[in-house]
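Worksheet for the structure shown next.
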Amino acid sequence: MFPKSLEFSISQPINDFVAFLIESYGETFRAISNFILSGLLQIEWVLRALPWWGTILIFMAVAYLCVRNYKLPLLVGALLMLAGMLGLWDLTMQTLALMLMATLISCLVGIPTGVLVAKVRVMRNILIPMLDIMQTMPSFVYLIPAIMLFGLGKVPAVLATIIYGVPPLIRLTSLGIRQVDQEVVEAALAFGSSSRQILFGVELPLAVPTILAGLNQTIMMSLSMVVVSSMIGARGLGQQVLEGIQTLDVGKGLEAGVGIVILAVVLDRITQGLGQSQRRD
Amino acid sequence: MAAIELQNVYKIFGRRNKEALKMVQAGVSKADVLAKTGCVVALDDVNLSIGASQISVIMGLSGSGKSTLVRHINRLIEPTSGKILYNGEDIMQLTPSGLRKFRMHHSSMVFQSFGLFPHRTVLQNASYGHIVRGTKKAEAEAIGKKWIDAVGLKGYENKYPSELSGGMKQRVGLARALAADTDIILMDEAFSALDPLIRAEMQDQLIDLQRNLAKTIVFITHDLDEALRIGSKISILKDGQVVQTGLPDDILRNPANDYVARFVERRVHIPAQAGVSK
């Protein structure tokens, strides 16, 4: 038996802390929540206002711009058609909106953080273990406080998706910047570049393929949070998976699962294509 | 007149470099310093004056500290102790922005593995020095274009470095340094990565350009033939110390010690006098 006298608990202080946050900063959290929600609703509004063929054409055009061949656009078009024909169009668009919002915030947070991790050793020592925690901590552990702070629905779903999804983007941004050929950085320095000119003119552009690989990973990991997000009230494909499970309607669950896979393939191939088109060696 | 002067420059790599510096100055050998402090002595009391408007060659084998030495002139590497003077002004006293201005207007550099920006075209690479200092794009590119033509790469302006051969890449490196219009050009083993024929061609081109431009060029090499061919003055570096400085003829006729003598003996042929005389 482990001696009782050595045991301690961190649960009470943490409960107190969360209660304190809700009491003292409720307004702040509501403001953040409203901000994320309005962004999300706007994306959703656009996706729903577009006719279905318009959305498919936009995706095909983006795919074409990323890879410059006709295979991928055709695949993307066919897959999205299939999603529509399976009766999943609206759900797919809802999930897509959630993904886009989470990815957008992930980029806004992840890329600058990655730069900081690459540049500042102290930040590296602090943040790398934190990223490990973010990826391994069971998502329900932070979902519950997120619900307490932001309420049920889409916002905590977006936040949970970001927490789970952003670590690869941070890691790969940092890796991409540290991998830039030192002689090239030295050359920029030797001609009198400032650190800002080096970051934006040399390091970030050369890190783009690696950063895009990170973005791809972020999107893939985010998609794996879709079902969990639905448990806290985010609508979309995950919700139908849940309904299928709850009513033992295997077919319905599988249909929605196919929808998630379609979204994953489409987003994965497009971002991968983008990453490869940026590589220049 | 000496354009650049290094006075009592020491460079020691390692955490306990201050302690190691005292030991080196007290005459402790490098091996003992390494054993006691874990610090590597890269430059040991280097005194060098580099004449204006000529090609000064610093020659040494790998590990002699020559690449470290050349990076002290534009402070890509900071000395552990010592003074670095440019036209009598101590560049160690420059503020960060002063240092950037010094690099923009007075010193440019050519690198062994070219150091070209792979995401920029030949033209953008060549005009980089001017872009950095805020010259208008059209003007900067006109200057870049002029120097691309001068190094013989006309027609390659919109290619990317990955599309060029090694010799062409280094021509871009040279054009970039020349376009920056600085009085000093530091060349760190600039031709070492090139094959012998291209290398001889580049040496000729450098001598040719130098005839009209009269830049202060500090050229680093490990190759005595190259040093004799292009250098007006040669300094030989061994284990971070300058063992001999002199005209190419001096080095050949009166080697200062066995080390230099061994170098000279191993030369297969007598250099073309055209390259040596100045």
In the range B:18-58, residues that are part of a loop (DSSP other than H, G, I, E, B), exposed (fewer than 15 other Cβ atoms within 10 Å of the Cβ) and free of Cβ contacts under 8 Å to residues at least 40 places away in the same chain total 4
Residue within the range B:195-208 that is within 14 Å of another protein chain (Cβ to nearest Cβ), of a type outside the set (Val, Ile, Thr) and surrounded by fewer than 24 Cβ atoms within 10 Å (Cβ to Cβ) present: no
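Would you be able to tell me the number of residues in the range A:102-135 that are surrounded by 14 or more Cβ atoms within 10 Å (Cβ to Cβ) and within 24 Å of A:SER38 (Cα to Cα)? Break it down into steps so the answer makes sense when it comes.
So the first thing to find is which residues in the range A:102-135 are surrounded by 14 or more Cβ atoms within 10 Å (Cβ to Cβ), and the list is A:102-107, A:109-111, A:113-119, A:123-124, A:127-128, A:131, A:134-135.
Then keep just the ones that are within 24 Å of A:SER38 (Cα to Cα); that gives A:102-107, A:109-111.
Total meeting the criteria: 9.
Suppose the filter is more than 13 Å from every other protein chain (Cβ to nearest Cβ), buried (at least 18 other Cβ atoms within 10 Å of the Cβ) and under 14 Å from the mean Cα position of the chain (by Cα); does A:LEU267 pass it? Walk me through it before giving the result.
Working: more than 13 Å from every other protein chain (Cβ to nearest Cβ): yes; buried (at least 18 other Cβ atoms within 10 Å of the Cβ): yes; under 14 Å from the mean Cα position of the chain (by Cα): yes.
Answer is yes for this residue.
Filtering the range B:112-137 down to residues that are in a helix (DSSP H, G or I) and more than 21 Å from A:SER195 (Cα to Cα), which residue is farthest from the other protein chains (Cβ to nearest Cβ)? Steps first, answer last, please.
We begin by selecting, within the range B:112-137, every residue in a helix (DSSP H, G or I); these are B:122-126, B:128-132, B:137.
After this cut, where a residue has to be more than 21 Å from A:SER195 (Cα to Cα) as well, the list is B:122-123.
Details: B:VAL122: 14, B:LEU123: 15 Å.
Taking the candidates together, the pick is B:LEU123.
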So how many residues does the range B:187-206 have that are of a type in the set (S, T, N, Q) and in a helix (DSSP H, G or I)? 2
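Scan the range B:97-111 and give yes if some residue there is more than 15 Å from A:PHE191 (Cα to Cα) and either more than 10 Å from chain A (Cβ to nearest Cβ) or surrounded by fewer than 21 Cβ atoms within 10 Å (Cβ to Cβ) (or both), otherwise no. Quick ask: steps written out before the conclusion?
At the first step, the residues of the range B:97-111 found to be more than 15 Å from A:PHE191 (Cα to Cα) are none.
Among the residues of the range B:97-111, not one is more than 15 Å from A:PHE191 (Cα to Cα) and either more than 10 Å from chain A (Cβ to nearest Cβ) or surrounded by fewer than 21 Cβ atoms within 10 Å (Cβ to Cβ) (or both), which makes the answer no.
With a cut-off of at least 1 residues that are within 14 Å of chain B (Cβ to nearest Cβ) and closer than 30 Å to B:PHE111 by Cα, name the helices (runs of 4 or more DSSP H) lying wholly within the range A:184-253.
Numbers: elements: A:195-198, A:204-223, A:226-231, A:237-246.
By residue number, A:195-198, A:204-223.
Yes/no matrix, rows are residues, columns are (1) more than 24 Å from A:ALA97 (Cα to Cα); (2) out of contact with any Gly (no Cβ under 6 Å at 6 or more places or on another chain); (3) without any contact (Cβ under 8 Å) to a residue 24 or more places away in the chain:
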{"residue": "A:LEU127", "(1), (2), (3)": "yes, yes, no"}
{"residue": "A:THR136", "(1), (2), (3)": "yes, yes, yes"}
{"residue": "A:ALA157", "(1), (2), (3)": "no, yes, no"}
{"residue": "A:PRO168", "(1), (2), (3)": "no, no, no"}
{"residue": "A:GLN182", "(1), (2), (3)": "yes, yes, yes"}
{"residue": "A:ALA190", "(1), (2), (3)": "yes, yes, yes"}
{"residue": "A:ILE198", "(1), (2), (3)": "yes, yes, yes"}
Regarding B:GLU141, is this residue closer than 28 Å to B:LEU99 by Cα and under 21 Å from the mean Cα position of the chain (by Cα)? no
So B:LEU94 ticks every box in (1) within 13 Å of another protein chain (Cβ to nearest Cβ); (2) at pLDDT 95 or above but one. Which box is left unticked? (2)
Tabulated pairs, the range A:223-234, first on the phi > 0 side of the Ramachandran plot, second surrounded by fewer than 24 Cβ atoms within 10 Å (Cβ to Cβ), C-beta under 7 angstrom, 6+ apart or interchain: A:GLY233/A:LEU152; A:GLY233/A:GLY153
I'd like the full set of residues that are farther than 18 Å from A:ALA187 by Cα and aliphatic (A, V, I, L, M), limited to the range B:149-171. B:ALA150, B:VAL151, B:LEU153, B:LEU164
Six or more apart or on different chains, Cβ atoms under 8 Å: show the pairs whose first residue is in the range B:215-231 and within 14 Å of B:ILE184 (Cα to Cα) and whose second is assigned to a strand (DSSP E or B) and hydroxyl-bearing (Ser, Thr, Tyr). B:THR216/B:SER56; B:ILE217/B:SER56; B:VAL218/B:SER56; B:PHE219/B:SER56
Could you tell me which of the residues B:ARG15, B:ARG75 is over 27 Å from B:GLY231 (Cβ atoms), charged (D, E, K, R) and either part of a loop (DSSP other than H, G, I, E, B) or away from every other protein chain (no Cβ under 14 Å) (or both)? B:ARG15
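Does the range A:50-62 include one or more residues that are in contact with a helix residue (DSSP H, G or I) (Cβ under 9 Å, 6 or more places away or on another chain), free of Cβ contacts under 8 Å to residues at least 60 places away in the same chain, over 14 Å from A:PRO167 (Cα atoms) and not aliphatic (A, V, I, L, M)? Working first, answer last.
Start the filter on the range A:50-62 by keeping residues that are in contact with a helix residue (DSSP H, G or I) (Cβ under 9 Å, 6 or more places away or on another chain), which leaves A:50, A:52, A:55-57, A:59-62.
Next, from what is left, pick out any that are free of Cβ contacts under 8 Å to residues at least 60 places away in the same chain: A:50, A:52, A:55-57, A:60-61.
Narrowing the set further to residues that are over 14 Å from A:PRO167 (Cα atoms) leaves A:50, A:52, A:55-57, A:60-61.
Those still in the list that are not aliphatic (A, V, I, L, M) too: A:52, A:55.
Yes: the range A:50-62 contains one or more residues that are in contact with a helix residue (DSSP H, G or I) (Cβ under 9 Å, 6 or more places away or on another chain), free of Cβ contacts under 8 Å to residues at least 60 places away in the same chain, over 14 Å from A:PRO167 (Cα atoms) and not aliphatic (A, V, I, L, M).
The values are calculated or read from the model by the stated rules, or taken from the named source; none is laboratory data. Not measured: the values here are computed from a predicted model. Here the Cβ is made from the backbone with ideal geometry for all residues, glycine too, and neighbour counts use every protein chain on show.
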